[in-house]
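In what follows, a structure is listed as structure tokens, so that the remarks can point back to it.
The values are calculated or read from the model by the stated rules, or taken from the named source; none is laboratory data. These numbers come from a predicted model, not from an experiment. Here the Cβ is made from the backbone with ideal geometry for all residues, glycine too, and neighbour counts use every protein chain on show.
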Amino acid sequence: MEHDAVAVTPPGIRAMLPAISHPRPSSLLETSAPMRFTLLPAMALSALLLAGCSELRAPRASQPVPTELLPANEEPVRAAANLTARDFADQGAALQGRPAEAARAIARLEWLTATLSTDPRYAALPEGIGMSMRAAAAETRGALGIVEDTPPAAVTASLSAIARALEAGATPAFPAAIFPAGAERSLQRLTTPGPLPQAGIATGRAAEMIAELDRDGGWSPTAGMRSF
């Protein structure tokens, strides 16, 4: 004699069949809702990570080029390197008693140091070049009494304005935030900055290394003459 499935299924198992065969619609919602809320933070984190990666890939902002301190038709970094090497040759002896020229020379040094230290296009330069140039900038700041943590762009702009005033026969302004010793003392220091041995060594070596990398094609694919 034949029996249908319900008749032969033990009562305990038969009681479970409706729940297994016909899941409630709400049970699907209860399962998927936590998944949706779990995915939202993960998606937000992924977006933040992607944004961070983009920021890391982006090159740092370059220092504003002090066009009045550089020849008009020459590549700025190479021109600045050659001029600073000339300015600080023999420990900067040619700058003694020439405050306008000293102001321009130190302004160029500030810009060149900041550019070589922060612009990724010059990463092919040995690390020691940047360290030596920063020591040279510290030396000249100490000679003039410039506040140590002043941004390089501010020092370059201020010294450029001082040079213009001196060449025009006007009284230069020495901002107290940069030159806390005052105008009279700061002008004396600019007129006789004293021997600057570190600046002489650093600028000479930087100019030599840039020329060597140009000559040997040692710049990385993202640096060198094509990127300037």
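Structure above, values below:
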quantity	calculated
P120, sole failed condition from (1) in contact with a Pro (Cβ under 6 Å, 6 or more places away or on another chain); (2) farther than 21 Å from E212 by Cβ	(2)
Sole exception among (1) in contact with a Ser or Thr (Cβ under 7 Å, 6 or more places away or on another chain); (2) more than 24 Å from E68 (Cβ to Cβ); (3) buried (at least 16 other Cβ atoms within 10 Å of the Cβ) for L144, by number	(2)
Those residues of segment 115-125 which are assigned to a helix (DSSP H, G or I) and either without any contact (Cβ under 8 Å) to a residue 40 or more places away in the chain or within 14 Å of T203 (Cβ to Cβ) (or both), in sequence order	T115, L116, S117
Options A161, A154, A199, A177: the member that is buried (at least 16 other Cβ atoms within 10 Å of the Cβ) and farther than 19 Å from A89 by Cα	A161
Filter pass, E139 being surrounded by 14 or more Cβ atoms within 10 Å (Cβ to Cβ) and acidic (D, E)	yes
Any hit, segment 210-222, residues being surrounded by fewer than 19 Cβ atoms within 10 Å (Cβ to Cβ), within 25 Å of the chain's Cα centre (by Cα) and of a type in the set (S, T, N, Q)	yes
Close pairs (9 angstrom Cβ cut-off, 6 or more residues apart or separate chains): within 14 Å of D214 (Cα to Cα) and without any contact (Cβ under 8 Å) to a residue 12 or more places away in the chain in segment 63-84, of a type outside the set (A, V, I, L, M) and not in a helix (DSSP H, G or I) anywhere	A79/P71
The listed residue being under 17 Å from A107 (Cα atoms), in contact (Cβ under 8 Å) with a residue 24 or more places away in the chain and in the same structural domain as P99 (by TED's automatic domain parsing), out of L190, L213	L190
Qualifying positions in segment 65-99 - under 15 Å from A143 (Cα atoms) and either in a loop (DSSP other than H, G, I, E, B) or among the β-branched types (V, I, T) (or both)	F88, Q96, G97, R98
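Condition check ((1) of a type in the set (V, I, T); (2) touching a Pro at 6+ places or on another chain (Cβ under 6 Å); (3) more than 13 Å from L69 (Cβ to Cβ)) across all residues:
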site: I106; (1), (2), (3): yes, no, no
site: E110; (1), (2), (3): no, yes, no
site: A114; (1), (2), (3): no, yes, yes
site: T140; (1), (2), (3): yes, no, yes
site: V155; (1), (2), (3): yes, no, no
site: A170; (1), (2), (3): no, no, yes
